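Here the structure is laid out as structure tokens; the discussion comes afterwards.
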């Protein structure tokens with residue numbers, strides 16, 4: 001029992017040291033500057049089609065299901081309101097985060113894990129490079145910057161497909177949907193979505209980089225670390241989503 | 001390759017920032033145009049927030065730009081109205097509920113159609129506000145309190161004080177009474193049926209021809225009685241007339257009946273007649289002298 005508790009604290013401590021190293025690496029922009037753009041392309045631009053497809057379907061389904069959940073007498077503009085709130089406040093950032101955990105996080109862990117087991121990271125240390133500043137910090141910055149960008153675009157695509165679905169596949173008019181879309185809107189709702197996406201981006205990069213950076217030897221170790229990274233990052237995203245809602249939701253009404 | 005990465009990343013970031021800004025502006029204002037400002041000082045803003053709609057005649061013409069609680073306790077509200085819209089002079093502003101989700105809006109209500117518009121930067125007079133969610137909730141709360149009091153009283157009277165038990169006992173008694181009444185009614189019904197059967201049996205023995213004849217005789221007798229009655233009535237009237245004539249008329253009989261002198265004369269005459277008869281009896285020869293030759 002004591003060993004188990006001690007093991008949990010040891011794991012937390014390892015991640016604490018890793019975070020300290022990241023902060024130390026941030027002080028060396030020459031090392032991570034060039035790599036950051038490449039990672040932003042990899043994490044952001046290359047993930048855009050996947051994030052867009054997911055957002056498009058989520059927007060369409062949200063609008064369609066919202067329309068047919070309404071009981072008689074409720075204004076149809078509510079479809080626009082609920083679609084906007086669902087997509088911007090929750091589905092946009094959360095699903096983009098989860099999708100990117102699978103696409104980007106797994107790749108991040110596998111890359112770093114392979115570098116670890118093939119001793120490339122040790123080689124970087126030998127060449128007096130800070131491996132965290134060169135390998136982890138660019139990924140972290142790229143994820144923190146690009147996930148909100150992808151989330152904004154996913155939100156726009158989701159709301160757009162919700163609009164099209166509502167007016168083409170249901171009896172909701174474009175006027176009613178637009179009216180609901182603008183009802184009770186506060187600019188902080190977009191900021192809230194961006195804050196969530198930033199936190200999720202940081203979580204994906206941090207947990208996936210850690211698991212890859214500390215992968216055990218062999219192909220099996222890399223595979224195990226990758227699977228573990230995806231699970232940890234996904235759970236972390238859900239937990240952080242709940243915490244963000246708990247802390248920031250009261251401010252959504254302005 | 002690196003250059004291409006920079007460009008792609010830059011494009012994606014720029015597009016996303018543009019989408020965020022334009023989307024937020026469209027959602028908050030309905031467009032890029034800021035419109036012209038108008039002001040209103042509300043004593044109670046009912047949770048009015050920046051970005052909420054401004055309605056003129058129910059049509060969205062702008063948005064709330066700023067809500068500022070002043071030191072004098074009033075809420076100075078700045079709202080932006082689209083340049084294509086004009087607010088007529090005499091319009092009043094009120095804070096109204098917009099939809100069922102507690103959203104609020106500024107409603108501009110013109111007193112009458114007026115071609116002259118309020119100038120940009122003017123303050124719109126505040127109109128009377130309708131009942132808000134808070135007032136409706138308060139009313140519902142007071143109703144709920146009353147219902148609760150009634151329920152408590154009913155609970156006390158009907159349950160705690162044994163009212164329901166008494167009611168049940170009464171109902172059980174009523175049920176027994178109704179059952180007794182049913183028994184009695186059934187018995188009465190049976191007896192009545194027997195009586196009717198006996199009566200039917202008795203009436204079936206009567207000769208209907210005789211009954212008809214008797215009834216006919218009764219009718220004739222009744223008609224005769226009517227005629228007799230009429231005759232008696234006429235006779236009575238005639239007798240009344242005669243008596244009246246006798247009593248009041250100028251004739252001898254009336255005088256004899258009504259004049260006391262005549263009465264006295266008649267008595268005296270009778271007395272004289274009596275004495276004459278006595279005398280005649282006594283001395284017949286004085287009065288009767290028969291000579292044959």
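The values are calculated or read from the model by the stated rules, or taken from the named source; none is laboratory data. Quick caveat: nothing in here was measured; it's all calculated off a predicted structure. Please note: Cβ atoms are built from the backbone with ideal geometry, for glycine as well, and neighbour counts cover all protein chains shown.
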Report the residue count in segment A:162-192 for those that are over 13 Å from residue A:79 (Cα atoms), assigned to a helix (DSSP H, G or I) and more than 16 Å from the chain's Cα centre (by Cα).
-> 3
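Which members of segment B:22-42 meet the condition of being more than 59 Å from the chain's Cα centre (by Cα) and more than 10 Å from chain A (Cβ to nearest Cβ)?
Initial filter on segment B:22-42 (more than 59 Å from the chain's Cα centre (by Cα)): B:22-25, B:32-34.
Those that are more than 59 Å from the chain's Cα centre (by Cα) and more than 10 Å from chain A (Cβ to nearest Cβ): B:32, B:33, B:34.
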For segment A:59-99, which residues satisfy the criterion of being over 19 Å from residue A:174 (Cα atoms), away from chain B (no Cβ under 14 Å) and in contact with a helix residue (DSSP H, G or I) (Cβ under 7 Å, 6 or more places away or on another chain)?
-> A:91, A:94, A:95, A:97, A:98, A:99
Of the numbered conditions (1) more than 8 Å from chain A (Cβ to nearest Cβ); (2) surrounded by 13 or more Cβ atoms within 10 Å (Cβ to Cβ); (3) at pLDDT 90 or above; (4) within 30 Å of residue A:51 (Cα to Cα), residue B:19 fails exactly one; give the number of that condition.
-> (1)
Quick check, is residue A:107 over 26 Å from residue A:94 (Cβ atoms) and in a helix (DSSP H, G or I)?
-> no
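For (1) part of a helix (DSSP H, G or I); (2) over 30 Å from residue A:215 (Cβ atoms); (3) away from every other protein chain (no Cβ under 12 Å), each residue gets a yes or a no:
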site: A:128; (1), (2), (3): no, no, yes
site: A:132; (1), (2), (3): yes, no, yes
site: A:135; (1), (2), (3): yes, no, yes
site: A:139; (1), (2), (3): yes, no, yes
site: A:146; (1), (2), (3): yes, no, no
site: A:156; (1), (2), (3): yes, yes, no
Is one or more of the residues making up segment B:43-54 modelled with pLDDT under 90, away from every other protein chain (no Cβ under 14 Å) and surrounded by fewer than 20 Cβ atoms within 10 Å (Cβ to Cβ)?
-> yes
Across segment A:35-55, what is the total count of residues that are more than 17 Å from residue A:143 (Cβ to Cβ) and facing another protein chain (nearest Cβ under 10 Å)?
-> 0
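A quick yes/no check of all residues on (1) without any contact (Cβ under 8 Å) to a residue 12 or more places away in the chain; (2) under 20 Å from the mean Cα position of the chain (by Cα); (3) surrounded by 14 or more Cβ atoms within 10 Å (Cβ to Cβ); (4) farther than 25 Å from residue B:6 by Cα:
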| residue | (1), (2), (3), (4) |
| --- | --- |
| A:2 | yes, no, no, yes |
| A:17 | yes, no, no, yes |
| A:50 | no, yes, yes, no |
| A:72 | yes, no, no, yes |
| A:87 | no, yes, yes, yes |
Kindly indicate whether residue B:236 is out of contact with any strand residue (DSSP E or B) (no Cβ under 6 Å at 6 or more places or on another chain), at pLDDT 75 or above and surrounded by 10 or more Cβ atoms within 10 Å (Cβ to Cβ).
-> yes
For segment A:222-254, name all the residues that are closer than 17 Å to residue A:116 by Cβ and surrounded by fewer than 19 Cβ atoms within 10 Å (Cβ to Cβ).
-> A:223, A:224, A:227, A:228
